[in-house]
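One structure is given below, encoded as structure tokens.
The values are calculated or read from the model by the stated rules, or taken from the named source; none is laboratory data. All values reported here derive from a predicted model rather than from experimental measurement. Virtual Cβ from ideal backbone geometry, glycine too; neighbours counted across all protein chains shown.
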Amino acid sequence: MKEKLAQIREQAISALKGASDLRTLEDAKVKFLGKKGELTAVLRGMGALTPEERPVIGQLANEVRNAVEELYANTKTALSENAKAAKLQSEKIDVTMPGARRNIAKRHPLSQVLREVSDIFLGMGFEIAEGPDIELDYYNFEALNIPKNHPARDTQDTFYITDNILLRTQTSPVQVRVMEKKKPPIKIIAPGMVFRSDAVDATHSPVFHQIEGLVVDKGVTMGDLKGTLETFVKKLYGEDVRVRFRPHHFPFTEPSAEVDISCFVCGGKGCSVCKGEGWIEILGAGMVHPKVLSGCGIDPDEYSGFAFGVGLERIVMRKFGIDDLRLFYENDIRFLKQF
């Protein structure tokens, strides 16, 4: 048994010294000192020894255990330090190296121009109003002098949720809600998202943005409307831009007009962008219909007003020379970086 203990000691010391990592070291410890290890197996056989032999073998076994445990502890400390040093070396950071360049976000061109448009109208004394994207049929149509079965409803291609609830097709419902809650003088713009059942192509989208404008007060005239829109257009596109008003019809304004600007490409001479006409339509406008005013509790004999609606995507495309509406919604960083 003495020879067996000496053999275990030599083998254990050799295994522990040869361990190259903590896992190998732990396996060696279990092999020799574990519950089913070689030293434990020897100690279990001490029952067959004589009373005189037991103390001697027991002392020798303890010496072997202590030697193996001490070597295990020292080796574990050394391997742990080596592992820590290797990890620090692999994770070392050179603080003198330049940092990785990160892409800086750009403001979306729609957001850029919306902010610019808002600043122009805020500078003219307008306030910003908001309304719900999911609207009642009454506010989207009837309160705007578009009763049921009116032909204008056919041109809206409306997304109906129920017979009485829909996704708004225009931001004009906001003007009705404002007039119901606030008495003149009223001077607001209402930017927001609108929805129409259009097929997606270079100039159409089922989701786009409009900016509604409304002014109601005593003595408001068509001249005020023209002056306001001319000021807006020149601040947005430059002083050289010319503005043209053409007679038109909208159910909620009377008289009504389409507003054109001189082509930003050819300056009015005629080109492919303006289809040879020299003019590009940008918005619709007119004097608020007396029925709309009275329906909101405003006396049309005492007050008058004008309203206009401009498509945000349309003026952004004109401003930056963009020819495909889909580019606004594809989130291509190569496109967005240009702005």
Residue selected from the range 143-185 under the condition surrounded by 19 or more Cβ atoms within 10 Å (Cβ to Cβ) and among the small types (G, A, S), by the criterion farthest from E130 (Cα to Cα): A143
Residue among A85, A143 that alone is in the same structural domain as L293 (by TED's automatic domain parsing) and aliphatic (A, V, I, L, M): A143
K106 vs. criteria under 22 Å from S294 (Cα atoms), assigned to a loop (DSSP other than H, G, I, E, B) and basic (K, R): no
Qualifying residue in the range 259-266 (condition: closer than 21 Å to T221 by Cα, touching a helix residue (DSSP H, G or I) at 6+ places or on another chain (Cβ under 7 Å) and free of Cβ contacts under 8 Å to residues at least 40 places away in the same chain): no
Yes/no for V243 being surrounded by 13 or more Cβ atoms within 10 Å (Cβ to Cβ), under 26 Å from E116 (Cα atoms) and either free of Cβ contacts under 8 Å to residues at least 24 places away in the same chain or not assigned by TED's automatic domain parsing to the domain that holds W279 (or both): yes
Index of the failed condition, V288 passing every other in (1) surrounded by 20 or more Cβ atoms within 10 Å (Cβ to Cβ); (2) of a type outside the set (F, W, Y); (3) closer than 30 Å to Y329 by Cβ: (3)
The range 187-233, residues that are among the acidic types (D, E), surrounded by fewer than 16 Cβ atoms within 10 Å (Cβ to Cβ) and outside any strand (DSSP E or B): D198, D201
Criterion (of a type in the set (A, V, I, L, M), in a helix (DSSP H, G or I) and closer than 30 Å to G321 by Cβ) met by exactly one of L79, L114: L114
Test for E302: is it more than 16 Å from I188 (Cα to Cα), assigned by TED's automatic domain parsing to the domain that holds F245 and exposed (fewer than 14 other Cβ atoms within 10 Å of the Cβ): yes
